[in-house]
Amino acid sequence: MGADIDIGATAAGAPATLDLEELLATRLLVQGNSGSGKSHLLRRLLEQSAGRVQQIVIDPEGDYVSLAARYGHIVLDAAECAHELATIAARARQHRVSVVLNLEGLDVDGQLRAASVFLNALFECERDYWFPALVVVDEAQLFAPAAAADASDDARRASLAAMTNLMCRGRKRGLAGVIATQRLAKLAKNVAAEASNFLMGRTFLDIDMARAADLLGMERRQAEAFRDLQRGAFIGLGPAIARRPLRIAVGAVETADRGAAPRLMPLPEAAGPEDLQDLLFARMEEPAPPRRPRPPRADSAQTILERIDRGAPAPFVAAPAPELSDEEREAAIEAIIAQMAADAGAAFQPAATLHRDFLVRCRIRRLGPHAPDVAAFAERMTVERARRAYPDGVEADEWMRAIDVARRLPRDLLGVYLLIGRAALAGEPCPMDDEIARFFGSHSPGRARRALGQLEQIEAIVTRSDAPNRRVIALPDLDRETALARVEAET
Ligand SMILES: Nc1ncnc2c1ncn2[C@@H]1O[C@H](COP(=O)(O)OP(=O)(O)OP(=O)(O)O)[C@@H](O)[C@H]1O
Ligand SMILES: [Mg+2]
C-alpha cells in the first residue's frame, strides 16, 4: 500500500508524488547547484510527510528549525548538547520523536563530529526501536566528502563512516537517508550510490552532470537538460518517484527557511497543552549572525531529554522571546511567586494546582523552560507566604539563614518553622494555632499543634511558655525567640 507525498506538479500539470513507503526502502538523493531549490524541496518533503513518519534532520545551517513551529520537531542545538547527543538520538529513536539537529554555531570539525555521533547513535539503537524514520541530510557533501575537505582527518572519517552506514546499512534498521548536495562530484561515491531515487535540479558543471547521468543511467546528452532547469524544477527518477525521468516543479512550502512568521496549522497528533506550552516558550537564540533572522534556540539537553521521554511534542508557534539574563529571569520568577503568594486563598489550594497556574504565568512571560518544578515552587511559595506574614523588620541575611535551617527540616515542617522563625525575627509574638493551621491550608488547630510537637521533638524549636495566648517559642538555630504575646504585653 502506497502512501503518497505530494511534492508538486509534473510538467503536464498532474500532481507529482513520492511514495513514502517506497522512499523509506529506497532512499533519495537530491542534487542541484546553489539556489536550485534543494532545501526548499527537502522542506516540502518534510512538511508533506510530517506526522506520518519520524523525521530526523541534520541541519548544518539551522535552516529547518522552523519546522518545530509548525510540526513539533524538537530542535537540538548541537553546540549546546554536545555531550548528550548520543543519548538524545537513542531516545528520539525509542520515542519516535522528530528532531532537527541544528549544527549551526559549530566549526566544520564540530559539525562533522556532532553529526557522526548523532547518526551513529540513531544507527546503533536497540533492535526494538528500529522504527522507520527519514534521515534528511542537507549539504551532504559536508558530511560525506569525496575528497579531503577543510575538516581534520579524524572528523571527516567519522562522519563519512556514519553517512556510509546510514545510506548502506540504515535501511534494515528503519533509517531512510534523504540527502541533498550542491555538487555530486563532491559527494562520496559510495554514499551517493546507495540512493535509488534521484531528484536532479539545475546543474552547471560538466563533472556533476556526468555523475548525475551515470547515477540515473542516462545519456550524457540527456543530462544536458539539467542545465536549463529553473529554480524549483527537478528531474525525478526512481522507484518512489517514476520509472522514467519525470520533470517536477516543486510546490510551495508552509514554513519559512527562517525569518518569516509561520502560521498555525493543526496536526493530526497534538500532544497535551503542557508540551505545547513548553515548546511555545522554548528558549530563543541570541542575535544571529548579521542579516539572518533569529532562529529559535534549542533547550538544554536535559529539557530535551525530558521532553522526548514524555513523548512526541505538539506543534507550536513561537514568538521570539527576549533573552533574559539569569538574574532578570530569577527576578521575574520571584515576582510571579510574590504575586501568587499574595492571594490569601493560595494556602488552601493543592500545590499541583498552584503550580499549574504558576507555569501558565511563567509561559506568558516566556519563562516556561526555566520554571521551577512543583516541589521547588511549593517551597518558594511557602517561603514567600511566611515572609508576607511578617513583612517588615527582618534582616535579609537572618531570613536567609532561617530558610537555610528550614530546608534541612522534614519538608512538611518547613512552613511552620519559617512562619514562627519569621515572627521571631520580626520581633512578633508566636502565631496562634489557628493562624498556623491556616498557613498550612488547614482549619484544624490540632494540625498546628502536631507540627509544633514534631518540631519540638527534633529540637528545631523549644517551647518556653505555653500558657494560652502567650506561647513563646525559641529557635535555637536562629538564636531567637518569639516575642511575648501582645495580650500580655498590653495587660
Ligand atoms: N519550488 C520553489 N518555489 C518557490 N520558491 C522556491 C522554490 N524552490 C526554491 N525556491 C526559493 O529559491 C531560493 C533558493 O532555494 P533553496 O534555498 O532551496 O536553494 P538550495 O538549492 O538549497 O541552495 P543552497 O545549495 O545554496 O542551499 C529560496 O529563497 C527558495 O525559497
Ligand atoms: Mg540549501
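General remarks:
- Qualifying lysines (Cα of each under 23 Å from Cα of K172; at least 8 residues distant if same chain): K189
- Sequentially through segment 422-428, phi angles give Karplus couplings (6.51, -1.76, 1.60; θ = phi - 60°) of 5, 4, 4, 5, 7, x, 9 Hz, Gly and Pro residues having no value and appearing as x.
- Counting charges near T482 (Lys, Arg +1; Asp, Glu -1) among other residues having Cβ under 11 Å from its Cβ returns a value of +3.
- Per-residue [θ]222 nm for the chain (sum of -39500 (n - 2.57) over DSSP H runs n ≥ 4, rounded to 500): -12000 deg cm²/dmol
- For the peptides 55-65, 387-397, the ranking by mean Cβ contacts within 10 Å, running from highest to lowest, is 55-65, 387-397.
- Least to most buried among T10, T17, T382 (fewest other Cβ within 10 Å first): T10, T17, T382
- Approximate shape of the chain as ellipsoid semi-axes (Cα gyration tensor, √5λ), whole Å, largest first: 63, 20, 18
- Model label points for E459 and H83, set 7 angstrom from Cα along the Cα-to-Cβ axis, are 4.0 nm apart.
- Chymotrypsin sites (Phe, Trp or Tyr not before Pro) within segment 192-256: DSSP coil, no more than 16 neighbouring Cβ in 10 Å: F204
- Estimated FRET transfer efficiency when R0 is 41 angstrom, pair E323-D6 (beta carbons, to 0.05): 0.60
- Ordering of 35-48, 241-254 by burial proxy (mean other Cβ atoms within 10 Å per residue, highest first): 35-48, 241-254
- Over segment 1-69, volume per residue of the alpha carbon convex hull, in Å³: 119
- When the alpha carbon gyration tensor of segment 326-385 is reduced to an equivalent ellipsoid, its three semi-axes come out at 18, 12, 10 angstrom, largest first.
- Length-normalised contact order for segment 4-310 - Cα pairs under 8 Å, 6+ apart - percent: 26
- ³J(HN,Hα) computed for each position of segment 191-199 - Karplus, 6.51 cos²θ - 1.76 cosθ + 1.60, integer Hz, glycine/proline x: 6, 5, 5, 7, 7, 9, 10, 10, 10
- Taking every DSSP bridge with both residues inside the chain, close to 45 percent are antiparallel.
- For segment 331-348, backbone phi angles converted through the Karplus equation (6.51, -1.76, 1.60; θ = phi - 60°) give residue-by-residue couplings of 5, 5, 5, 4, 5, 5, 5, 4, 5, 6, 5, 6, 7, 4, x, 4, 4, 8 Hz, Gly and Pro being listed as x.
- You can think of it this way: the chain between V360 and D343 has 4.5 nm of extra reach, that is 0.36 nm per residue less the Cα-Cα gap.
- Measuring nothing but how far apart in sequence close Cα pairs (under 8 Å, 6+ apart) lie, relative to its length, segment 328-413 scores a relative contact order of 32 percent.
FYI, it's all coordinate maths here, none of it is from the lab. Not measured: the values here are computed from a predicted model. Neighbour counts are summed over all protein chains in view; Cβ atoms, including those assigned to glycine, are modelled from backbone coordinates with ideal geometry.
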